[in-house]
Amino acid sequence: MQQKLKVTLLTGRTIEQGVGKEAGKGTKEYFESTTMCYMDAGDMKKLGIRNNTHVLVTTPNGSVVLRAVKFPRGAMPGLLYIPYGPWANAIVSNETTSIGMPSFKGTPAEVEPAPDKPVLTLKELLKKEFGR
């Protein structure tokens, strides 16, 4: 049976995501900076995965395949951090609870190894999400 890990999803800006956005959302830089997730080294070990292994991240709002990258600034067990972008947006809630802004922090999620599943291109992701 494949290992799954329950985590709390956080999303936010990164320098790389910002640089990629300025280069253009159709660029390799943007794709590389927004199709990854930072994970705790211990959590990666629990799942039996290494740096840049594809993982399936699932929330009550959907699922997406990303590259898992070891968080470079220390331990953060139980947390998964995804830079802002279409891939993060695909799995966070669009509910704004009357404040006009969805919550990009604290979403319950599951992460599991998905080494044989591809990370969708932006065009593939938009087709999956919107059907066109």
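Of all residues in the stretch 26-53, how many are closer than 23 Å to THR121 by Cβ, surrounded by fewer than 18 Cβ atoms within 10 Å (Cβ to Cβ) and at pLDDT 95 or above?
Residues in the stretch 26-53 being closer than 23 Å to THR121 by Cβ, surrounded by fewer than 18 Cβ atoms within 10 Å (Cβ to Cβ) and at pLDDT 95 or above: 3 in total.
Name the residue that is nearest to GLU32 (Cα to Cα), counting only residues in the stretch 77-120 that are out of contact with any Ser or Thr (no Cβ under 6 Å at 6 or more places or on another chain), modelled with pLDDT of 95 or more and among the hydrophobic types (A, V, I, L, M, F, W, C).
Applying the filter and picking the extreme gives LEU120.
Starting from the stretch 13-40, take each residue that is within 21 Å of ALA75 (Cα to Cα) and list its partners that are among the basic types (Lys, Arg) and assigned to a loop (DSSP other than H, G, I, E, B), counting only C-beta distances under 6 angstrom and pairs at least six apart or across chains.
Going by the 6 Å Cβ cut-off, there are no qualifying pairs.
Say we look at the stretch 63-85 and pick out the residues that are touching a residue at least 60 places away in the same chain (Cβ under 8 Å) and on the phi > 0 side of the Ramachandran plot; which of these is surrounded by the most Cβ atoms within 10 Å (Cβ to Cβ)?
Just the residues of the stretch 63-85 that are touching a residue at least 60 places away in the same chain (Cβ under 8 Å), to begin with: 64, 78-85.
Imposing the further condition that a residue be on the phi > 0 side of the Ramachandran plot reduces the set to 78, 85.
On the way: GLY78: 12, GLY85: 23.
Once the filter is applied, the top-ranked residue is GLY85.
Would you please name the residue that is nearest to PRO108 (Cα to Cα), looking only at residues in the stretch 1-24 that are surrounded by fewer than 15 Cβ atoms within 10 Å (Cβ to Cβ) and touching a helix residue (DSSP H, G or I) at 6+ places or on another chain (Cβ under 7 Å)?
Among residues in the stretch 1-24 that are surrounded by fewer than 15 Cβ atoms within 10 Å (Cβ to Cβ) and touching a helix residue (DSSP H, G or I) at 6+ places or on another chain (Cβ under 7 Å), the one nearest to PRO108 (Cα to Cα) is GLN3.
Hey, ARG67 hits all of (1) closer than 17 Å to THR107 by Cβ; (2) touching a His at 6+ places or on another chain (Cβ under 7 Å) but one; which does it fall short on?
The single condition ARG67 does not satisfy is (1).
Failed condition for LYS6, given (1) basic (Lys, Arg); (2) without any contact (Cβ under 8 Å) to a residue 12 or more places away in the chain; (3) not in a helix (DSSP H, G or I), with all others met?
If we test LYS6 against (1) basic (Lys, Arg); (2) without any contact (Cβ under 8 Å) to a residue 12 or more places away in the chain; (3) not in a helix (DSSP H, G or I), just (2) comes out false.
Answer with yes or no whether VAL64 is at pLDDT 95 or above and in contact with a Phe, Trp or Tyr (Cβ under 8 Å, 6 or more places away or on another chain).
On the way: at pLDDT 95 or above: yes; in contact with a Phe, Trp or Tyr (Cβ under 8 Å, 6 or more places away or on another chain): yes.
For VAL64, the condition - at pLDDT 95 or above and in contact with a Phe, Trp or Tyr (Cβ under 8 Å, 6 or more places away or on another chain) - is met.
So, in the stretch 5-25, exactly how many residues are touching a strand residue (DSSP E or B) at 6+ places or on another chain (Cβ under 8 Å) and modelled with pLDDT under 90? Quick ask: steps written out before the conclusion?
So the first thing to find is which residues in the stretch 5-25 are touching a strand residue (DSSP E or B) at 6+ places or on another chain (Cβ under 8 Å), and the list is 5-14, 16-17.
After this cut, where a residue has to be modelled with pLDDT under 90 as well, the list is 12-14, 16-17.
Residues meeting the conditions: 5.
The values are calculated or read from the model by the stated rules, or taken from the named source; none is laboratory data. Since we're looking at a predicted model, the values are computed, not measured. A quick note on method: Cβ atoms are made from the backbone with ideal geometry, for glycine too, and the neighbour counts reach across all protein chains shown.
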